[in-house]
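See below for the structure under consideration.
The values are calculated or read from the model by the stated rules, or taken from the named source; none is laboratory data. Since the structure is predicted, the reported quantities are computational estimates derived from the model, not experimental observations. Cβ atoms come from the backbone with ideal geometry, glycine included; neighbour counts cover every protein chain shown.
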Amino acid sequence: MYKSLGFSVYVSTFDQQKEMLKRQIGSEGFIFTSFHIIEEMDQAYLKKAVEMCDWLYENGFSIIADVSPKTLDYFNDPDLATFAEIMHLTVLRLDYGFTDKQIEILSKKLSFVYNASTMDFDKILSTKQPIYAMHNFYPRPETGLDQSLFRSINDKLIHHSVEIMAFIPGDQEKRGPIYEGLPTLEHHRDLLPYLAYLDLVQNYQIDHIFVGDVRISDQQAQLIEAYQKSGVIQIPVHWIEESMSLNDQVFTIRVDSPQGLMRLQESRGYASIGEEIKPQNCYERKRGMITMDNIKYRRYSGEVQILRQDYPKDPRVNIIGELDPSYVTIIDSIKNGDRIQFTTLN
């Protein structure tokens, strides 16, 4: 199984998310929640919070909870260890207000997730429990992390063998109060969840990815699940009719593919003796297009490429399809040696 997909689940949105979560039963994914969001807390909150955690625990989810000293006051629990046991918490994310002594005692029993941007390695690395670092999500547009800062933080965390967590936006129902996505990286704000997920896994080696928003669509969940199960990257495409035979086959990106295009290793089988690929659709080639060499390329006839950048038209190269416009950036998450599978979306 490849990198896990988790979800942000809150008492106020749990009923809306339950059907989506049922699809994830057995995935062993994390759930992130918070128990110190003041605006959620009404008379029914305590009962609903316990019921939510009971359901998540009974269905095999591991719960990461954001807690503060006020959490204990509100739930009327004597200490965090007792609270964690009652709520079936696996990992705690501590807000300000806990003493070093309290954390030291708890670290012998529980795992903690720390703020990825402010981790104090001298204090943390002495614990024997698993260590997690979670990046924040950023509701306000223009405040998400840029890629260079994100990478520099992660390089340090990876060096210390810390498991890293980050957030991607949803595509079906955004979380308030701003409703403009809850990504860690700013450039993910308007991306589909599948594309943001692949970017974090393929380009940044993130261990645990959470949907920050309320829900994602079944389509996006299915694309992520397919990758998790097989490691094969699904690429949604639009074909010229004659090329539908390439659909659903698994191809390998040649390890010696150049920067500008991806060569499909197995496609050379189309260059068998006697097969003629006639010239057609030989127009200007754009990033995201899929091409096949025709008979004018002699022994290369039948080879298929996915274009990472633009190229001029070539009478020896046919255009046979293109990536779905919403998925063109998937190109930036595909590496030489990866396995891909063309698919058409319903």
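Within the stretch 1-110, which strands (runs of 3 or more DSSP E) (wholly inside it) include 3 or more residues that are without any contact (Cβ under 8 Å) to a residue 60 or more places away in the chain, over 30 Å from LEU198 (Cβ atoms) and touching a Cys at 6+ places or on another chain (Cβ under 6 Å)? Full working, then the answer.
Details: elements: 4-8, 30-34, 62-67, 89-94.
Hits in the stretch 1-110: none.
Output yes when any residue across the stretch 267-275 is part of a helix (DSSP H, G or I) and of a type in the set (A, V, I, L, M), and no when none is.
Scanning the stretch 267-275 turns up at least one residue that is part of a helix (DSSP H, G or I) and of a type in the set (A, V, I, L, M).
Can you confirm whether ILE64 is crowded, with 17+ Cβ neighbours inside 10 Å, in contact with a strand residue (DSSP E or B) (Cβ under 6 Å, 6 or more places away or on another chain) and not polar (S, T, N, Q)? Break it down into steps so the answer makes sense when it comes.
Details: crowded, with 17+ Cβ neighbours inside 10 Å: yes; in contact with a strand residue (DSSP E or B) (Cβ under 6 Å, 6 or more places away or on another chain): yes; not polar (S, T, N, Q): yes.
Judged against the criteria, ILE64 is a match.
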**Message:** Just the residues that are modelled with pLDDT under 80 and crowded, with 20+ Cβ neighbours inside 10 Å, please, taken from the stretch 69-116.
**Reply:** LEU106
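Per-residue answers, yes or no, for (1) touching a Lys or Arg at 6+ places or on another chain (Cβ under 6 Å); (2) within 23 Å of TYR114 (Cβ to Cβ); (3) among the acidic types (Asp, Glu):
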site	(1), (2), (3)
ILE168	no, yes, no
GLU186	no, yes, yes
ASP190	no, no, yes
ALA196	no, yes, no
VAL201	yes, yes, no
TYR204	no, yes, no
PHE210	no, yes, no
GLN222	no, no, no
SER230	no, no, no
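Looking only at the stretch 276-294, filter to residues that are part of a strand (DSSP E or B) and either among the aliphatic types (A, V, I, L, M) or touching a Pro at 6+ places or on another chain (Cβ under 6 Å) (or both); which one of those is modelled with the lowest pLDDT? Before the answer, list the steps.
Within the stretch 276-294, the subset part of a strand (DSSP E or B) is 285, 289-293.
Restricting the remaining residues to those that are either among the aliphatic types (A, V, I, L, M) or touching a Pro at 6+ places or on another chain (Cβ under 6 Å) (or both) gives 289-290, 292.
Working: MET289: 98, ILE290: 97, MET292: 94.
Among them, the one singled out is MET292.
Of everything in the stretch 295-345, what is in a loop (DSSP other than H, G, I, E, B) and either crowded, with 19+ Cβ neighbours inside 10 Å or free of Cβ contacts under 8 Å to residues at least 24 places away in the same chain (or both)? Give them in sequence order. Walk me through it before giving the result.
Let us first name the residues in the stretch 295-345 that are in a loop (DSSP other than H, G, I, E, B), namely 301-303, 308-310, 312-316, 324, 334-338, 344-345.
Scanning the stretch 295-345 gives SER301, GLY302, GLU303, ILE334.
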**Request:** State whether one or more residues within the stretch 267-285 are closer than 17 Å to THR343 by Cβ and of a type in the set (A, V, I, L, M, F, W, C).
**Result:** no
**Item:** From GLN280, GLN220, residue being under 30 Å from GLN17 (Cα atoms) and either within 29 Å of the chain's Cα centre (by Cα) or of a type outside the set (Val, Ile, Thr) (or both)
**Value:** GLN220
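On the basis of being surrounded by 13 or more Cβ atoms within 10 Å (Cβ to Cβ) and in contact with a His (Cβ under 9 Å, 6 or more places away or on another chain), does ASP54 make the cut? Don't jump to the end; show me each part of the working.
Numbers: surrounded by 13 or more Cβ atoms within 10 Å (Cβ to Cβ): yes; in contact with a His (Cβ under 9 Å, 6 or more places away or on another chain): yes.
Yes: the conditions hold for ASP54.
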**Unique residue being of a type in the set (Gly, Ala, Ser), in contact with a Ser or Thr (Cβ under 9 Å, 6 or more places away or on another chain) and farther than 30 Å from ASN294 by Cβ when the list is ALA221, ALA166** = ALA166
**Fill in**
Apart from one, (1) under 30 Å from LEU200 (Cβ atoms); (2) modelled with pLDDT of 95 or more; (3) aliphatic (A, V, I, L, M) all hold for ILE319; the odd one out is (1)
**Message:** Considering only the stretch 159-181, I want to know if a residue exists there that is without any contact (Cβ under 8 Å) to a residue 12 or more places away in the chain, surrounded by fewer than 20 Cβ atoms within 10 Å (Cβ to Cβ), under 21 Å from SER34 (Cβ atoms) and not aliphatic (A, V, I, L, M).
**Reply:** yes
